[in-house]
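The values are calculated or read from the model by the stated rules, or taken from the named source; none is laboratory data. Here the structure is a predicted model, which means the values were calculated and not measured. When we count neighbours, we look across all protein chains shown, and the Cβ atoms used for this are built from the backbone with ideal geometry, even at glycine.
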Protein chains: 2
Amino acid sequence: MFHPNEELMKKCIEIAKSSHEKNQYALGALIADERGNIITIKSSNLISSYDPTAHPEIVVIRKAAEMLKSRYLPSCYLYTTLEPCPMCTSAAIWAKMGGIVFGAYQEDAIEFSKNNPSDIFTWRQIKVHANEIIANGSPVINLFPGVLRDECINLFQHTLD
Amino acid sequence: MFHPNEELMKKCIEIAKSSHEKNQYALGALIADERGNIITIKSSNLISSYDPTAHPEIVVIRKAAEMLKSRYLPSCYLYTTLEPCPMCTSAAIWAKMGGIVFGAYQEDAIEFSKNNPSDIFTWRQIKVHANEIIANGSPVINLFPGVLRDECINLFQHTLD
């Protein structure tokens, strides 16, 4: 199988780095098809948005569904630099996606925020892991954790630069 | 405190009943402020939408945030006829909402779908409860389960009519 693929995670990291220029969380996500073609890619834009659901994962899932004119995306994979929260993981399940590939773990973001307190970039977490959501969902989609984890952890620092 | 309020849940039930005329899940959600004024109300439109995230709860949260021009909705309450899934519960947490009020439990929908199998209205569930998501979130928002539960369970039947 094509996925998980480090080159696609590198694309996410690249676009995440651009977030900090816009004073956003340094996070990125993309949707690729089963052959690895990128359908849509997005860095975080949460800070300047009124939409509390505008995590990059939700933005790319909605965009891909719109582009493919389908509520279900079984041949698509979600790549994201940080373990998706229960909202984003659930969205991938509702879309019956092929799978989720993520870089840094939730704990990595929690650790970072402890060491780098900020009123704006709080890195709030809902402490329920993606694998727990997936194990209790239908269909049980594929999960590939920790792909280029160190590079994705290093990204967090960009939020402060 | 004004919430939870049965009159508001009745409004949700009323609009949910209108869903079936449009061949949709008979579900409804609204956002009200702390004095009970309805900011936005919506029945399910999932079946005719390409957006896998378009649960009525997500639709009203996004709409309220847009209307109030704020990513955070601390004085707002989400009412929904069915226990919100992890996606919708998490969205309310990210929005720092005042609380969530729901009618039927997840188990009620699972029981109904067992007795009424359908290829279109599958009532898929992610079996993680709203209270578990909330207990692990920040802030820990208020949750009022089972308000007009029987009336909300009776709604499910409308999906088949």
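Name the one entry in B:Ser118, B:Ser75 that is more than 10 Å from every other protein chain (Cβ to nearest Cβ), under 20 Å from B:Phe2 (Cα atoms) and polar (S, T, N, Q). Explain how you work it out, then say what you get.
Numbers: B:Ser118 fails: under 20 Å from B:Phe2 (Cα atoms).
Exactly one residue qualifies, and that residue is B:Ser75.
Listed here are the residues, each with its yes/no results for (1) surrounded by fewer than 21 Cβ atoms within 10 Å (Cβ to Cβ); (2) of a type in the set (Val, Ile, Thr); (3) out of contact with any Asp or Glu (no Cβ under 9 Å at 6 or more places or on another chain); (4) modelled with pLDDT under 95.
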{"residue": "A:Trp123", "(1), (2), (3), (4)": "yes, no, yes, yes"}
{"residue": "A:Ile133", "(1), (2), (3), (4)": "no, yes, yes, no"}
{"residue": "A:Asn136", "(1), (2), (3), (4)": "yes, no, yes, no"}
{"residue": "A:Ile141", "(1), (2), (3), (4)": "no, yes, yes, no"}
{"residue": "A:Pro145", "(1), (2), (3), (4)": "yes, no, no, no"}
{"residue": "A:Cys152", "(1), (2), (3), (4)": "no, no, no, no"}
{"residue": "A:Thr159", "(1), (2), (3), (4)": "no, yes, yes, yes"}
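Can you name the residue in the stretch A:93-144 that is in contact with a strand residue (DSSP E or B) (Cβ under 9 Å, 6 or more places away or on another chain) and polar (S, T, N, Q) and, of all such residues, is farthest from A:Ser75 (Cα to Cα)?
Top of the filtered list is A:Gln106.
Going through the stretch A:94-121 one residue at a time, which ones are closer than 23 Å to B:Gly137 by Cβ, touching an Asp or Glu at 6+ places or on another chain (Cβ under 9 Å) and in contact (Cβ under 8 Å) with a residue 60 or more places away in the chain?
From the stretch A:94-121, those closer than 23 Å to B:Gly137 by Cβ are A:94-95, A:100, A:102-121; that's our starting set.
Adding the requirement that they be touching an Asp or Glu at 6+ places or on another chain (Cβ under 9 Å) leaves A:100, A:102-109.
Answer for the stretch A:94-121, where residues must be closer than 23 Å to B:Gly137 by Cβ, touching an Asp or Glu at 6+ places or on another chain (Cβ under 9 Å) and in contact (Cβ under 8 Å) with a residue 60 or more places away in the chain: just A:Gly103.
In the stretch B:92-106, how many are over 21 Å from B:Asn37 (Cα atoms) and within 13 Å of chain A (Cβ to nearest Cβ)?
Taking the stretch B:92-106 as the starting set, the residues that turn out to be over 21 Å from B:Asn37 (Cα atoms) are B:94, B:104-106.
Of the ones still in play, those that are also within 13 Å of chain A (Cβ to nearest Cβ) are B:94, B:106.
Number of matching residues: 2.
Return the residues of the stretch A:24-62 that are hydroxyl-bearing (Ser, Thr, Tyr) and free of Cβ contacts under 8 Å to residues at least 24 places away in the same chain; say none if nothing qualifies.
Within the stretch A:24-62, the first condition is being hydroxyl-bearing (Ser, Thr, Tyr), and the residues that meet it are A:25, A:40, A:43-44, A:48-50, A:53.
Scanning the stretch A:24-62 gives A:Ser49, A:Tyr50.
Consider the stretch B:30-60. How many of its residues are exposed (fewer than 15 other Cβ atoms within 10 Å of the Cβ) and either facing chain A (nearest Cβ under 9 Å) or of a type in the set (S, T, N, Q) (or both)?
Looking only at that region, the number is 2.
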